[in-house]
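J.: Quick one: the structure is below, and I'll ask about it shortly.
The values are calculated or read from the model by the stated rules, or taken from the named source; none is laboratory data. Everything numeric in this text was worked out from a predicted model, so none of it was measured. Please note: Cβ atoms are built from the backbone with ideal geometry, for glycine as well, and neighbour counts cover all protein chains shown. Quick note on the areas: whole protein, heavy atoms, side chains included, nothing else; ligands and nucleic acids left out. Shrake-Rupley method; radii C 1.70, N 1.55, O 1.52, S 1.80 Å.
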Amino acid sequence: MRSGAGSPAMGSATLYDAQVIGRRWLNARTFELRINRPAGFAFLPGQKIGFVYQDLVREYTLLGPVDSADLTFCVRHVPQGRVTPHLATAPPGTSIQVTEASGFFTFKPSPRPAVLVATGTGIAPYVAFVRSGLRGFDLLHGVRTVAELYYRSELAAAASRYIPCLTGGTLSGAPPHAFDGRVTAWLANGLANGVYDFYLCGRADMIRDAMRLIDERFTGSHVFTETFYDGAL
Ligand SMILES: Cc1cc2nc3c(=O)[nH]c(=O)nc-3n(C[C@H](O)[C@H](O)[C@H](O)COP(=O)(O)OP(=O)(O)OC[C@H]3O[C@@H](n4cnc5c(N)ncnc54)[C@H](O)[C@@H]3O)c2cc1C
């Protein structure tokens with residue numbers, strides 16, 4: 001397959017050849033991976049692609065902007081994982097196969113206020129939303145420590161309210177409006193009653209708990225979800 005060209009593979013998905021350009025560590029466990037953009041590759045803010053490694057495919061959300069020269073991703077290194085140790089160490093120039101972009105976790109404009117909720121790297125689609133011009137939303141980012149508040153300046157500048165929710169037991173060094181607790185605790189006590197569009201992305205148990213709360217407290221709201229992982233990392 002010609003480098004950079006799309007060709008049908010993996011059922012109906014198109015595969016592209018790309019190369020690692022480099023990575024920038026955002027903290028000790030998470031890095032931003034940059035690969036070149038194959039010719040003809042297109043995506044919508046909030047979509048993800050599959051990285052093919054050996055017999056495995058893992059999905060990663062594109063950070064955007066949609067017209068960027070390269071493609072970037074915010075990846076949590078899972079040391080015991082199968083694919084992220086490779087992504088964390090592959091040197092520049094390493095060939096990598098990726099699928100075309102897919103997925104429906106895109107922003108749907110509506111008259112209802114938008115509340116974006118993420119845990120960990122689940123912040124990635126919201127970075128893409130912001131880089132496509134989205135402004136004036138509430139954003140909750142659930143992490144353990146301040147060091148995990150990826151892209152916080154960019155996000156805080158775009159949001160009406162940017163609320164880091166820290167579960168590591170300290171707010172030391174946290175930005176203004178940080179909350180000591182889980183995103184669901186903030187939703188339960190900090191968000192006025194009303195009808196919203198909720199976007200939930202990240203860990204499965206956060207999404208499950210938030211949906212239960214939304215059913216009870218914010219009846220009539222719309223909910224869009226993207227589950228990244230099950231574990232408690
Ligand atoms: C639609 C979609 C989009 C995704 N986008 C991203 C993304 O933008 N960035 C990203 O880092 N991951 C993302 N993921 C998760 C990613 O696809 C992989 O599952 C993850 O990188 C682990 O791969 P692995 O082969 O190294 O680990 P595996 O061998 O699959 O081991 C998985 C273990 O790692 C845990 N885990 C998986 N992902 C994470 C994570 N992000 N943070 C903490 N723990 C995790 C799991 O709970 C499990 O314990 C996405 C998943 C989906 C379904």
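J.: Being within 16 Å of the ligand (Cβ to nearest atom) and either open to solvent by 20 Å² or more (accessible area, probe 1.4 Å) or in contact with a helix residue (DSSP H, G or I) (Cβ under 6 Å, 6 or more places away or on another chain) (or both) is the filter here, so list the residues in region 184-205 that pass it.
T.: L200, C201, G202, R203, A204, D205
J.: How many residues does region 38-57 hold that are within 12 Å of the ligand (Cβ to nearest atom) and not in a strand (DSSP E or B)?
T.: Residues in region 38-57 being within 12 Å of the ligand (Cβ to nearest atom) and not in a strand (DSSP E or B): 4 in total.
J.: Also: Can you list residue pairs whose Cβ atoms sit under 8 Å apart, with the first residue in region 62-87 being farther than 14 Å from G231 by Cβ and assigned to a strand (DSSP E or B) and the second being among the acidic types (D, E) and within 12 Å of the ligand (Cβ to nearest atom)? Count only pairs 6 or more apart in sequence or on different chains.
T.: Close Cβ pairs (under 8 Å, with a partner that is among the acidic types (D, E) and within 12 Å of the ligand (Cβ to nearest atom)) amount to T72/E32; F73/E32; C74/E32; V75/E32.
J.: Let me ask you something else. Determine whether region 105-128 contains at least one residue that is of a type outside the set (A, V, I, L, M), under 30 Å from Q19 (Cβ atoms) and without any contact (Cβ under 8 Å) to a residue 12 or more places away in the chain.
T.: For region 105-128, residues of a type outside the set (A, V, I, L, M), under 30 Å from Q19 (Cβ atoms) and without any contact (Cβ under 8 Å) to a residue 12 or more places away in the chain: absent.
J.: List every residue pair whose Cβ atoms sit under 7 Å apart, with the two residues 6 or more apart in sequence or on different chains, where the first one lies in region 193-215 and is free of Cβ contacts under 8 Å to residues at least 60 places away in the same chain and the second, anywhere, is in a loop (DSSP other than H, G, I, E, B) and open to solvent by 40 Å² or more (accessible area, probe 1.4 Å).
T.: A204/D230
J.: Which residues, taken from region 150-175, are open to solvent by 60 Å² or more (accessible area, probe 1.4 Å) and closer than 18 Å to V117 by Cβ?
T.: Passing the criteria: R152, E154, S160, R161, T167.
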